Amino acid sequence: MKKGILKLVLVVGGFITINSASAQIADTIATQCAKHLENQFISDGQQYRALLMNADETAEFHTTLYGGTLYRIAACSGLSDGNLVFSVYDSERNLLFTNSEFKNAPYWDFKITNTLDCVIEAKLSGGAQGSGRAVLLIGFKQQQK
């Protein structure tokens, strides 16, 4: 009975340790990614996160972008830039932007004229060595009329 309880405690303790380490890695990547928002942009308050095990997997994030606003999307995986390919689509899956056309730039600034729902897809760059943890941050700056 005591051995069974000890095994259970060890297994639960192991899961807690692994989850804690995983969260710390994701937090480090999010902190690195936040540097791309700088002081110019206000975070939308979300950290869009996904675990990508290989270059064949794609994470999908849904968001609404509001008209009259300047946005910056920052995307990171690992501690260096260029590891994550991200693409922005409208609700009908028309491609609006992909950073793969810009050497996997870690961020993109754009102005939205009209409010739209969009889908952002992220995947690891084929040749890059990322952490497998994808972090996407969206910042905004209200435009003066």
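Couple of notes before you dig in:
- Residue within segment 88-97 that is more than 20 Å from Gln40 (Cβ to Cβ), under 17 Å from the mean Cα position of the chain (by Cα) and not basic (Lys, Arg) present: yes
- Boolean, Phe140 is surrounded by 12 or more Cβ atoms within 10 Å (Cβ to Cβ), in contact with a helix residue (DSSP H, G or I) (Cβ under 9 Å, 6 or more places away or on another chain), outside any loop (DSSP other than H, G, I, E, B) and in contact (Cβ under 8 Å) with a residue 40 or more places away in the chain: no
- Residue ID - modelled with the lowest pLDDT, chosen from residues in segment 75-104 that are small (Gly, Ala, Ser) and touching a Gly at 6+ places or on another chain (Cβ under 7 Å): Gly78
- Residue check, Ile25 modelled with pLDDT under 85 and either buried (at least 16 other Cβ atoms within 10 Å of the Cβ) or not in a loop (DSSP other than H, G, I, E, B) (or both): yes
- Pair list, Cβ < 7 Å and 6+ apart or interchain, from segment 62-91 residues that are closer than 16 Å to Leu37 by Cβ and small (Gly, Ala, Ser) to residues that are modelled with pLDDT under 95 and assigned to a loop (DSSP other than H, G, I, E, B): Ala74/His36; Ala74/Leu37; Ala74/Pro106; Ala75/Pro106
- Flag for Ala55 being surrounded by fewer than 20 Cβ atoms within 10 Å (Cβ to Cβ) and modelled with pLDDT under 90: yes
- Where strands (runs of 3 or more DSSP E) fall entirely within segment 33-110, those with at least 1 residues that are closer than 12 Å to Gly139 by Cβ and touching a Lys or Arg at 6+ places or on another chain (Cβ under 7 Å) are at 69-76.
The values are calculated or read from the model by the stated rules, or taken from the named source; none is laboratory data. A quick note: this is a predicted structure, and the numbers were derived from the prediction, not measured. Positions of Cβ are backbone-derived with ideal geometry, glycine not excepted, and every protein chain shown enters the neighbour counts.
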